[in-house]
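FYI, it's all coordinate maths here, none of it is from the lab. Predicted model, so just to flag it, every value in this text is computed and none were measured. Cβ coordinates were reconstructed from backbone atoms using ideal geometry, including for glycine residues, and neighbour counts include every protein chain displayed.
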Amino acid sequence: MAKAPPTAPSTPQPRRSRLTLLLLAVGVVGVAGVTLLLVLGGKEPPRAPLAPDARASSVRELVARAKQLLVTAERQRAQGARFDPSPPPLEQTPLAQRAYQQAVELLQTAIRVAPQDPEPRCVLAEAYHRIGRSQDAEAVIDEVLQVAPLSSEALWIKGMLLHTRGDAQGPDYLRRAADSPAATPQMQARYGLWLASIGRDLAAGAAYLQRAHQGGAREPQINLALAHLAVRQSRYADAERYLQELAQGPRVPLEVLQMLAEVKLNLGKSDEAAQLVRTALDTAPAHLRAAFLVQLGRIRTQQNRWAEAADAYAAAALAPGGARFSLDAAKCHYFAGQYAQAMRHADAAAEALGDSPEVRQWVARIEEARFGPTSQPASAAIAPGPPAVTPLRPPTGLAPLAPSDANGPARDPNASGDLRLPSFGREW
């Protein structure tokens, strides 16, 4: 029988295990040391590259967070500017300053993740502009335009930066932004609103707004702007169509109801106009009730429904700041043959308006109608006429149709208008 070959002597295992553990420890210490040196040197440790989808998602999230921080910062600054049209210095609003800085850091991170994506750089330029670093903002936008010369957003921001500092090339960049092949309907509407706000070319502004509307843009300010421009050209049927689109929702803005009522009144649809005003009165805050009640009084006056007009003016006289409408209530009661009520409101008007020649004339007229002729002949009757309605604030970027608004003095329709330069005319 053959014998089994002798087995080789085995190597001691504990010694090999100790050597392996020692090598692993040295590797871990080495990696930790390199990471520590990178952190202390101001550099981030190298990371594994993200997949394209993950990179895009990460950039979108960073940009969205940055935009929200910019909105927060603007609100913080606005709290210090309630009675001052100019925002306070940034150093006086530390919460806003911190939000701006965080937004800038997020956007810089997004640029490192996706250096070819123009959106983070565009938003970064806007952030720089808001904190007064306009030169940095322009430098960032110039970088975007070098690689994406047709970027409508970058062209728009460049144009606004130039326009803000009075450079004549600014409007040309804004036009190029709206005419770019990459321009969205919202960009075309933005340019149309800008043209309308400065009174530069209302016809061209209307054309861009109509292109945006036909392209599917349905933001309320677009329809409101188109309606305003149509009213200026006495195209009331077109204005009604644009406003009706905004009046379909469950909660219609008050300015839409007021303007639509005026448009319908000009189209001879006075009952529909009155119903719209009544709908507005259901939700109007106290400081705006007088404006809508006077509008209702005007509608009833044009219908020769004097008693209803008098009731509307009388209610407006009781609203905050509406005492001056007592005289209009007195006139309407007079034409309704309600002389006692007319005298009561005329007395209230005299108390509110003081020694007014018009009030004295109407008091004499009412007394003559109520008690018969006196030795002093009364003045000729003064038709009540439509009292001026205090309009609500017009849509952003447009000059008011009336000479003044409920929130401040009259504005020059040819002035620069409300361009909202800090946000470059866009909403997030």
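May I ask you to list the residues of segment 114-150 whose amide nitrogen lies under 20 Å from a point 7 Å from Cα along the Cα→beta-carbon direction of R65? Residues 114-128 fall inside that zone.
In terms of its alpha-carbon gyration tensor, segment 298-340 comes out oblate; a/c meets the 1.5 threshold, while b/c is at least as large as a/b.
Compute the Cα gyration tensor for segment 217-289, then decide on rounded, prolate or oblate, letting a ≥ b ≥ c be the square roots of its eigenvalues: rounded whenever a/c is under 1.5, prolate when a/b is larger than b/c in the other cases, and oblate in all that remain. Cα axes put segment 217-289 in the oblate bin. Relative protection proxy for 305-315, 97-107, from highest mean packing down: 305-315, 97-107 (other beta-carbon atoms within 10 angstrom).
Annotation: peptides 155-166, 211-222, 190-201, ranked by per-residue average of other Cβ atoms within 10 Å with the highest first, follow the order 190-201, 155-166, 211-222.
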